[in-house]
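Down below is the structure, laid out as C-alpha cells.
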Amino acid sequence: MSFCADCVKGFVHEGTPQGKVEEIGGVSSYVTIPSEGEYPKDTVVLFLTDIFGYELINSQLLADDFARNGWKTVVPGYLNGDPAPIDAFSPGSTFNLNEWFPKHTQAHTRPTLDKVIAALKEEGVTKFLATGYCFGGRYVFDLAFDNVIDVAAVAHPSLLTIPDDLEKYASTSKAPLLINSCTTDSQFPPEAAAKADEILGNGKFAPGYKREHWEGCTHGFAVRGDLSVPEIKAGKEGAFRATVTWFKNHSKA
C-alpha cells in the first residue's frame with residue numbers, strides 16, 4: 001500500500017467546467033448533470049478522484065463528459081477539503097505525499113464518502129456507477145466489496161494489494177469490473193494486470209470483467225496526462241470511451 005512518483009505528476013487540462021459545487025450530506029462535491037434531454041434520476045456516476053480531488057479542473061471536465069453521456073455525475077469531496085495542491089505538479093514543489101497520506105487514510109475519508117452516498121440514496125438514487133482514478137480506484141474496490149455500487153470501473157488504481165484484493169473482488173463483489181491499465185505503472189504493473197486476468201477473466205467472474213490496456217501510457221494518464229503526446233491523448237480518450245460503454249452495457253435494468 002504505497003504511492004509512486006507518478007502519483008504527484010501531471011498536466012492541467014484546459015476547458016470550462018459546466019457543473020457546480022454543492023453540499024451533499026454536508027460534504028462539498030462537484031455535481032454536473034446532462035444539459036440536454038431526460039436522464040435517469042435514480043442513477044448517479046460516482047467519480048472518485050485521485051489525491052488532487054475535484055478541485056483539479058481535469059476531474060471536473062471529465063465529470064462533465066460523463067454528464068454529456070446521460071448521467072448525473074457526482075465527484076465527492078471525500079478528501080475533507082484538503083486535496084493535494086495543484087502546484088505539486090511544478091518542479092521545486094515542497095508537497096510531501098508521505099506527510100499528506102496519513103491524514104487521508106480510509107479511516108479519514110471513507111466516512112465522508114459514505115455521507116455523500118447516504119444523502120444521494122435519500123434523494124432517490126438506487127443505482128451507482130463508480131469510476132475511480134489512482135487513489136480513487138481503491139475506493140471503487142472497497143465500495144464493490146460492500147456491494148454499494150452496481151457497476152465498477154478503475155483507471156490505473158493505487159493502493160491495491162495484489163492478489164488479495166482481486167481474490168476478494170471475485171468472492172464478494174457483484175459489480176461488473178472494468179480495469180483501464182497502461183504500460184508504465186508501478187501501482188498496477190503488468191504482473192498485477194496479468195493476475196487480474198487470471199482471477200477474473202475468461203468468464204470466471206460472472207457479473208462481468210474486462211481489462212483495457214493503453215500502450216505508451218503512464219500511471220495517471222486517464223485524468224492528468226500530457227495531452228500533447230498522441231499516445232497519452234489516445235489513452236485518456238480511449239479509457240473514457242471504454243468506461244462509458246461499460247456503464248451503458250451494464251447499467252440497464
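Taking the numbered list (1) over 22 Å from Phe240 (Cβ atoms); (2) open to solvent by less than 30 Å² (accessible area, probe 1.4 Å); (3) modelled with pLDDT of 95 or more in turn, Trp100 passes all entries but (3).
From (1) touching a residue at least 24 places away in the same chain (Cβ under 8 Å); (2) out of contact with any strand residue (DSSP E or B) (no Cβ under 9 Å at 6 or more places or on another chain); (3) of a type outside the set (D, E, K, R), pick out the condition that doesn't hold for Ala194. The one condition Ala194 does not meet is (1).
Of the residues making up the range 7-21, at least one is over 25 Å from Lys233 (Cα atoms), of a type outside the set (A, V, I, L, M) and open to solvent by 10 Å² or more (accessible area, probe 1.4 Å).
Looking at the range 144-162, can you tell me whether even one residue there is open to solvent by less than 10 Å² (accessible area, probe 1.4 Å), under 26 Å from Asp64 (Cβ atoms), out of contact with any Cys (no Cβ under 9 Å at 6 or more places or on another chain) and hydroxyl-bearing (Ser, Thr, Tyr)? There is no residue in the range 144-162 that is open to solvent by less than 10 Å² (accessible area, probe 1.4 Å), under 26 Å from Asp64 (Cβ atoms), out of contact with any Cys (no Cβ under 9 Å at 6 or more places or on another chain) and hydroxyl-bearing (Ser, Thr, Tyr).
For the range 117-127, filtering for residues that are part of a helix (DSSP H, G or I) and more than 21 Å from Lys174 (Cβ to Cβ) leaves 2. No other residue among Tyr169, Tyr139 is over 24 Å from Ala234 (Cα atoms), touching a residue at least 60 places away in the same chain (Cβ under 8 Å) and among the aromatic types (Phe, Trp, Tyr) apart from Tyr139. Looking at the range 85-94, which of the residues that are out of contact with any Asp or Glu (no Cβ under 7 Å at 6 or more places or on another chain) and part of a loop (DSSP other than H, G, I, E, B) is surrounded by the most Cβ atoms within 10 Å (Cβ to Cβ)? Top of the filtered list is Pro85. One residue stands out among those in the range 201-223 that are under 14 Å from the mean Cα position of the chain (by Cα) and modelled with pLDDT of 95 or more: the one that is surrounded by the most Cβ atoms within 10 Å (Cβ to Cβ), which is Phe221.
Scanning the range 39-67 for residues that are buried (at least 24 other Cβ atoms within 10 Å of the Cβ) and polar (S, T, N, Q) gives Thr49, Asn58, Ser59, Gln60.
The values are calculated or read from the model by the stated rules, or taken from the named source; none is laboratory data. Predicted model only: the values in this text are computed from it and were never measured. Don't worry about glycine lacking a Cβ; one is built from the backbone with ideal geometry, like all the others, and counts go over all protein chains shown. These area figures cover heavy atoms from the full protein model, side chains too; ligands, DNA and RNA do not enter into them. Shrake-Rupley method; radii C 1.70, N 1.55, O 1.52, S 1.80 Å.
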